[in-house]
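Colleague: Structure provided below as structure tokens; questions to follow.
The values are calculated or read from the model by the stated rules, or taken from the named source; none is laboratory data. Values in this document were obtained by computation on a predicted structure and should not be read as measured data. Note: ideal-geometry Cβ built from the backbone for every residue, glycine included; neighbour counts use all protein chains shown.
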Amino acid sequence: MTSLPTRRGDTERQQLKFWAAYVPCEAQHKDAVQITLEQIDVIKRLTERYSPHLTSCASVFDIVQAHKNRQMCSLIGVEGGHSLGGSLGVLRIYYALGVRYMTLTSTCHTPWADSSNADAPKYDIRHGGLTAYGKVIVYFCVITGLSKICPLSNARTHPCSLVQRVASP
């Protein structure tokens, strides 16, 4: 839950807000991209609705400016690589729309990364962590700056170590 400042000078609540564009795994290979775009639209409209308390931030400069202006930064993340529809083009579009992090998996495997969660049985490892295409996606995230954070919360241990190798200079 997010609380907006209730009075001028309320500096206790100045912070970053990461909004998750979440799409259920059932949408994978169906309409995950469309649902993700709709979620991003909702986040953007919410940010506009509560301006000037909230402001869209997509860079360190934006965050610094928001702090100076006593605004909360509204940042967008995509929860689950299945929201890409397997496309680097979609990843570039998300970046252009302000997305600044993406988790590799959610509670389901993607065609390029193994998940660790309930929908993936304990020993059901499909890709040995990351496929070659998964490594391309991670590398793309690193070079574009999409994900300096590299969220791995739902990825299996092996993809995490592979990501470290792919992302390291």
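Colleague: Inspect region 115-124 for any residue being surrounded by 13 or more Cβ atoms within 10 Å (Cβ to Cβ), modelled with pLDDT under 80 and out of contact with any Cys (no Cβ under 8 Å at 6 or more places or on another chain) and give the result as yes or no.
Modeller: yes
Colleague: Same structure again: Return yes or no: is LEU146 surrounded by 19 or more Cβ atoms within 10 Å (Cβ to Cβ), aliphatic (A, V, I, L, M) and modelled with pLDDT under 70?
Modeller: It is true that LEU146 is surrounded by 19 or more Cβ atoms within 10 Å (Cβ to Cβ), aliphatic (A, V, I, L, M) and modelled with pLDDT under 70.
Colleague: From the set of residues in region 61-77 that are among the charged types (D, E, K, R) and touching a Ser or Thr at 6+ places or on another chain (Cβ under 9 Å), which is modelled with the lowest pLDDT?
Modeller: ARG70
Colleague: I need the full set of residues from region 61-84 which are of a type in the set (Asp, Glu) and either over 30 Å from THR105 (Cβ atoms) or crowded, with 21+ Cβ neighbours inside 10 Å (or both), in order please.
Modeller: Correct list: GLU79 only.
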